[in-house]
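Q: The structure's right below; bear with me while I get my questions together.
The values are calculated or read from the model by the stated rules, or taken from the named source; none is laboratory data. The model shown is predicted, which means the values in this text are computed figures rather than measured ones. Cβ sites come from the backbone with ideal geometry, for glycine too, and all protein chains shown count toward neighbours. Heavy atoms of the whole protein, side chains included, go into the accessibility calculation; ligands, DNA and RNA do not. Shrake-Rupley method; radii C 1.70, N 1.55, O 1.52, S 1.80 Å.
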Amino acid sequence: MSHSDSDALPTVPLATFLEKIVLGSGRLFAWAYVALIVVILLQVVLRYGFNHGLVLLEELQWHLYAIGVMFGVSYAQVTNSHIRVDLFHATLSARARHCWEIFGIVFLLFPFIYVVFDSSLPFVYDAWRIGESSAAPTGLPYRWVIKSVIPLSFALLFLASLARLIRTVAALRRG
C-alpha cells in the first residue's frame with residue numbers, strides 16, 4: 001500500500017476473496033497492454049514502412065487501451081495505487097482517514113458506480129440488439145463487445161470498493 005503502516009487495513013476473509021477476484025482479473029486484462037504494444041508496432045510498420053495502415057488496427061488500439069484502463073481502475077483500488085489528494089489526507093488522524101474513506105466510498109463512489117453501471121446497460125443492450133459494428137467498412141465488427149467493458153469493469157470496481165469498505169470498517173472498529 002502506498003500510505004504509511006498506520007493506514008494498513010486488517011485482513012478480512014470476505015474482502016480478501018473479493019480482492020483475489022479483482023487482482024486476478026487485473027492480471028488477465030493487463031495483457032491488453034502487451035497486445036496494444038504489438039498492434040501499435042504493427043500499425044506503425046504498415047503505415048510508415050509500407051504506406052498502408054489499417055482502420056481495423058487503429059480501432060483495435062482504442063479498444064485495447066479501453067480494456068486496460070477500465071479494468072485497471074479496480075486493480076488500482078485494491079492495491080491503493082490510485083490518485084488521491086494526500087495534502088489533507090496526511091494531516092488527519094488514522095480514525096479520521098478511515099471515516100473519510102468510508103464516507104467517500106458510500107456516498108461518492110458507490111452512487112457513481114451505480115449510475116454508470118445502470119446507464120451503460122441499455123447502451124450495451126442496444127449495441128448488441130442491432131449488431132452494431134464500426135462505421136468504417138474495414139473496421140471492427142461486434143462493437144457491443146467493447147461497450148460491454150463499461151458495465152463489467154464497473155461491476156469489478158464495485159467489488160474492489162466493497163472489499164476496501166469492508167477492510168476500512170474493520171480498521172475503524174478495531175481502533
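Q: Tell me yes or no: at least one residue of segment 165-173 is open to solvent by 30 Å² or more (accessible area, probe 1.4 Å), among the charged types (D, E, K, R) and part of a helix (DSSP H, G or I).
A: Yes, some residue in segment 165-173 is open to solvent by 30 Å² or more (accessible area, probe 1.4 Å), among the charged types (D, E, K, R) and part of a helix (DSSP H, G or I).
Q: Among what's in segment 1-15 and is modelled with pLDDT under 95 and in a helix (DSSP H, G or I), pick the residue that is least open to solvent (accessible area, probe 1.4 Å).
A: Looking at the filtered set, the residue picked out is Asp7.
Q: Here's a follow-up. Just the residues that are modelled with pLDDT of 80 or more, of a type outside the set (A, V, I, L, M, F, W, C) and touching a helix residue (DSSP H, G or I) at 6+ places or on another chain (Cβ under 6 Å), please, taken from segment 69-86.
A: Matches in segment 69-86: Ser74, Tyr75, Gln77.
Q: Has segment 90-100 got at least one residue that is under 21 Å from the mean Cα position of the chain (by Cα), open to solvent by 70 Å² or more (accessible area, probe 1.4 Å), at negative phi and aliphatic (A, V, I, L, M)?
A: no
Here is a yes/no grid of residues against (1) surrounded by 15 or more Cβ atoms within 10 Å (Cβ to Cβ); (2) in a helix (DSSP H, G or I); (3) at pLDDT below 95:
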{"site": "Phe17", "(1), (2), (3)": "no, yes, no"}
{"site": "Val22", "(1), (2), (3)": "yes, yes, no"}
{"site": "Leu36", "(1), (2), (3)": "yes, yes, no"}
{"site": "Tyr65", "(1), (2), (3)": "yes, yes, no"}
{"site": "Phe88", "(1), (2), (3)": "no, yes, yes"}
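Q: Which condition does Ile83 not pass, out of (1) surrounded by 14 or more Cβ atoms within 10 Å (Cβ to Cβ); (2) part of a loop (DSSP other than H, G, I, E, B), if it passes all the others?
A: Going through the list (1) surrounded by 14 or more Cβ atoms within 10 Å (Cβ to Cβ); (2) part of a loop (DSSP other than H, G, I, E, B), Ile83 breaks only (1).
Q: Conditions first: (1) under 16 Å from Val124 (Cβ atoms); (2) open to solvent by 30 Å² or more (accessible area, probe 1.4 Å). Leu159 passes all but one, so which condition is the exception?
A: The number of the failed condition is (1).
Q: I'm trying to understand the selection: among the residues of segment 127-156, which are surrounded by fewer than 18 Cβ atoms within 10 Å (Cβ to Cβ), basic (Lys, Arg) and closer than 25 Å to Pro111 by Cβ?
A: Passing the criteria: none in range.
Q: For the structure I just gave you, tell me whether Gln43 is surrounded by 15 or more Cβ atoms within 10 Å (Cβ to Cβ), in contact with an Asp or Glu (Cβ under 7 Å, 6 or more places away or on another chain) and either β-branched (Val, Ile, Thr) or not in a loop (DSSP other than H, G, I, E, B) (or both).
A: Here the answer is yes, as Gln43 does meet what is asked.
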